[in-house]
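A quick write-up on the structure given underneath.
The values are calculated or read from the model by the stated rules, or taken from the named source; none is laboratory data. Keep in mind that this is a model prediction, so the values were computed, not measured. Please note: Cβ atoms are built from the backbone with ideal geometry, for glycine as well, and neighbour counts cover all protein chains shown. For accessibility, only protein heavy atoms count, side chains too; no ligands or nucleic acids. Shrake-Rupley method; radii C 1.70, N 1.55, O 1.52, S 1.80 Å.
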Amino acid sequence: MSLLVVSEGMDPDCFAKELRQLDSELDVRVWPDAGDRSDIRYALVWKPEEGLLASLPNLDVIFSMGAGVDHVLRDQQLPDVPLVRFVDPNLTMRMTEYVCLHVLFHHRRMLDYAELQREKKWTDWSQQPGANEVRIGVMGLGVLGMDAAEKLRMLGYQVAGWSRSPKDIEGIDCFAGADGLDAFLARTDILVCLLPHTPDTEGFLNSQLFASLAQDGQLPGPVLINAGRGRVQVEADILAALDDGTLWAASLDVFEEEPLPASSPLWTHPRVVVTPHNASISDDRAVCRYVLDQITQHEAGKPLQNVVDLKRGY
Ligand code: NDP
Ligand code: OXD
């Protein structure tokens, strides 16, 4: 039984080393040194090249190194085997840290204070609202969105969430589907996007959506925080919205093209915080333990966890 590690962007040798340390019996191979492809039953992947997985005739399960699976589903020749995504408390905690950090950063006007510091100006906006006067809207109430929403609520914010299917979560106003979108946006001062990239969400964060955000909030204008996927946002629309005041500020961890090209105006825009798709990085050791646990369960005839619904695309 062999496992093939395939990764563009995350170091495959780190994962292979961890896997071998945790299970010395497992035959771990690193792409492109796949050996006899018919030996391979499991693949642990990040951005596998088109057609590669289909060339493994005895593949049983594909494991994604991340929570997102758009990097696998873009393969038009994907074999019909279960695709398991990474779900892990450490990954969730790190994303919640990122979300809380950026919500607090914009709520407490840190972009403005950084500029005032550069100018050596002692200016105070004494009328800053408390968290209980700021309305956060979390798009995507999955594993990551739900935890972030709960922690933001604990900080005192008014929190709402939006998802595809209806939810009932204590202390969080839940909206769902196209019918719930306008009401959700109309009560949102800081929009946090933790949506996956699917055909339905592509280009979703656009001019029309920004114009529907609350205009009567306690902050100078609406804020966008996107740590979901870059292709959910239209960057030209974000820039236009920032420039005409539809958006007041943005924190972006993900981009239409990654790495973000040096020519992108987002790098130098005074109202934008750019981070390099590291809101929540998968921990190698946690990924390897997770994969080995799942393989043990699978070999014992037990169901795999966190299998992706290929029709929904997440
Ligand atoms: P989940 O699959 O648990 O949750 C996805 C959520 O999005 C669900 O609430 C789902 O609704 C909702 N959703 C999906 N499609 C739609 C739609 N068309 N309309 C409304 N809601 C929709 O994913 P996770 O929370 O684990 O992860 C979310 C994403 O975060 C990942 O897909 C990945 O892209 C990104 N990510 C980014 C990282 C980074 O470092 N920047 C790190 C890790 C993940 P429902 O509940 O009804 O199914
Ligand atoms: C993920 C990511 O999907 O890091 O886990 O983007």
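Observations
- Helix-only [θ]222 nm of the chain, DSSP H runs n ≥ 4, -39500 (n - 2.57) each, per residue, nearest 500: -9000 deg cm²/dmol
- With respect to the chain, whose longest principal axis is taken over its alpha-carbon atoms, helix 89-107 is tilted by about 20°.
- Residue-normalised accessible area of the stretch 89-274, given per residue in Å² at a 1.4 Å probe: 48
- Amide H partners (placed H, <5 Å) of VAL5, local residues excluded: ARG29, VAL30, TRP31, LEU44
- Inverse mean reciprocal Cα-Cα distance (Kirkwood Rh) of the chain, Å: 20.9
- Between amide H atoms placed 1.01 Å from N, distances below 5 Å from VAL134 occur with GLN158, all of them 5 or more places distant or on a separate chain.
- The stretch 266-314 gives an Rg/Rh value of 1.25, both radii derived from C-alpha positions and Rh following Kirkwood.
- Distance from the stretch 251-291 to the stretch 105-133 (C-alpha centre basis), Å: 25
- In the chain, the portion of solvent-accessible area held by carbon and sulfur atoms comes to 49 percent [1.4 Å probe, whole percent, DNA, RNA and ligands not counted].
- Couplings 3J(HN,Hα) for the stretch 68-80, derived from phi with the Karplus relation 6.51 cos²θ - 1.76 cosθ + 1.60 (θ = phi - 60°), are x, 10, 4, 5, 9, 5, 5, 6, 5, 10, 4, x, 7 Hz, where x marks Gly and Pro.
- Amide H contacts of GLY161 (H built 1.01 Å from N, under 5 Å, at least 5 apart or other chain): VAL138, ASP173, CYS174, PHE175
- For the stretch 184-231, taking Cα atoms only, Rg and Dmax work out to 11.1, 34 Å respectively.
- Computed E for GLU49/ASP112 - FRET, C-beta separation, R0 51 angstrom, nearest 0.05: 0.70
- The tail of the calculated P(r) for the stretch 205-314, taken as Cα-Cα distances beyond 22 Å, holds 49 percent of the pairs.
- Principal-axis analysis of the Cα atoms of the chain puts helix 284-299 at an angle of about 50° to the longest axis.
- Antiparallel bridges, percent of DSSP beta bridges restricted to the stretch 89-274 (to nearest 5): 5
- Debye, to nearest 20: dipole size of the stretch 242-314, +1 on Lys, Arg Cβ, -1 on Asp, Glu Cβ: 320
- Across all Cα atoms of the stretch 89-274, the radius of gyration (one decimal) and Dmax (whole number) stand at 15.7, 50 Å.
- With the gyration tensor restricted to C-alpha atoms of the stretch 1-99, the semi-axes of the equivalent ellipsoid amount to 23, 17, 11 Å, longest first.
- Note that the stretch 145-156 has calculated 3J(HN,Hα) couplings of x, 5, 5, 4, 4, 5, 5, 5, 4, 5, 6, x Hz, one per residue in order, obtained from phi through the Karplus relation 6.51 cos²θ - 1.76 cosθ + 1.60 (θ = phi - 60°); glycine and proline are x.
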